[in-house]
Amino acid sequence: MVSVVTSLTLQAAGAACVALANWPRGRRRAWSRFRPWDLLKARSISRRLSDGDSVLDVGCGTGHMLAQLALFKDIQPQGVEIALLPDRFHDIPMTTYDGRSLPFADGSFDATLVCYVLHHLEPPAAAALFAEIVRVTRRRIFLIEDSLPAFGALYRLRNRLHRIEAGLRYRDASGDYALPPDEAMFKTHTEWSAWLGRQPRVTSVAVESFADVAQHDHHTLFDVTLA
Ligand SMILES: C[S@@+](CC[C@H](N)C(=O)[O-])C[C@H]1O[C@@H](n2cnc3c(N)ncnc32)[C@H](O)[C@@H]1O
């Protein structure tokens, strides 16, 4: 009994020391703005980058993925979007474009991310945007998509609902949406690998499921190497 009380007292005293040593904290922890599973995804991608790499994120949203990569690697980030969001990361350089022609010279970036964007586009618009991504990228493309080895019935329904929503939100930038909504750009691991393998300069495609680290099973990384 005495040893339990002593142990608890020592633990409480130690915790009080740590709390006092850390108070007041002038700045927030860098990672506290992010969700754990997004950090784990960024950690996985960052292992494939080198310090000093220039990295473009196409359809970057708030720019959170670039901000997270910058926690792990000393990258030169650049975001591009069809519209800038008010809650974006203001320390990430970001520009707008028409959703078709990337406003960068050939081979401007070591690596390009495109995360959860291509499934919003009609197939011809997706292929055209991917060709633009290849044009501005020197080495590596990281595609993150809603993809599984096979889609079950609930996922097939969800894909079509998501497609209708995307049609309403991104129609101007993303090509003409077919009705009824199809699942053309919701591909399985095998289908994405085959699609990517047919694109210009692509020499290899490695697939890493984020099922173990992401919030839901469908988050999948396709690591594309260019010639
Ligand atoms: C689901 S959000 C993903 C945002 C961000 N990539 C992320 O991982 O959080 C889809 C994004 O695609 C963008 N988008 C839609 N059509 C696009 C296009 N043609 N080119 C680039 N981005 C596009 C939207 O503005 C939106 O920010």
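The values are calculated or read from the model by the stated rules, or taken from the named source; none is laboratory data. Just so we're clear, the structure is a prediction, and the values are computed from it rather than from any experiment. Don't worry about glycine lacking a Cβ; one is built from the backbone with ideal geometry, like all the others, and counts go over all protein chains shown.
Is it fair to say residue 110 is more than 11 Å from the ligand (Cβ to nearest atom), in a loop (DSSP other than H, G, I, E, B) and under 24 Å from residue 45 (Cα atoms)? When the stated conditions are applied, residue 110 does not pass them. Has segment 78-88 got any residue that is away from the ligand (no atom under 11 Å from the Cβ) and closer than 19 Å to residue 33 by Cα? Within segment 78-88, one or more residues are away from the ligand (no atom under 11 Å from the Cβ) and closer than 19 Å to residue 33 by Cα.
If you filter segment 47-77 down to residues that are small (Gly, Ala, Ser) and under 19 Å from residue 108 (Cα atoms), you find that the one that is farthest from the chain's Cα centre (by Cα) is 52. Does segment 136-146 include one or more residues that are in contact with a Gly (Cβ under 9 Å, 6 or more places away or on another chain), assigned to a helix (DSSP H, G or I) and modelled with pLDDT of 95 or more? For segment 136-146, residues in contact with a Gly (Cβ under 9 Å, 6 or more places away or on another chain), assigned to a helix (DSSP H, G or I) and modelled with pLDDT of 95 or more: present. Name the single residue, out of those in segment 25-77 being within 11 Å of the ligand (Cβ to nearest atom) and among the polar types (S, T, N, Q), that is surrounded by the fewest Cβ atoms within 10 Å (Cβ to Cβ). My answer is 62.
Select from segment 197-208 the residues that are touching a residue at least 60 places away in the same chain (Cβ under 8 Å), assigned to a strand (DSSP E or B) and not acidic (Asp, Glu) and list them in ascending order. If the condition is that a residue be touching a residue at least 60 places away in the same chain (Cβ under 8 Å), assigned to a strand (DSSP E or B) and not acidic (Asp, Glu), then 202 is the only one that fits. Here residue 51 meets the list (1) in contact with a helix residue (DSSP H, G or I) (Cβ under 6 Å, 6 or more places away or on another chain); (2) assigned to a loop (DSSP other than H, G, I, E, B) almost entirely, failing just condition (1). Go through segment 132-171 and report how many residues are closer than 17 Å to residue 194 by Cα and within 15 Å of the ligand (Cβ to nearest atom). Qualifying residue count, segment 132-171: 8.
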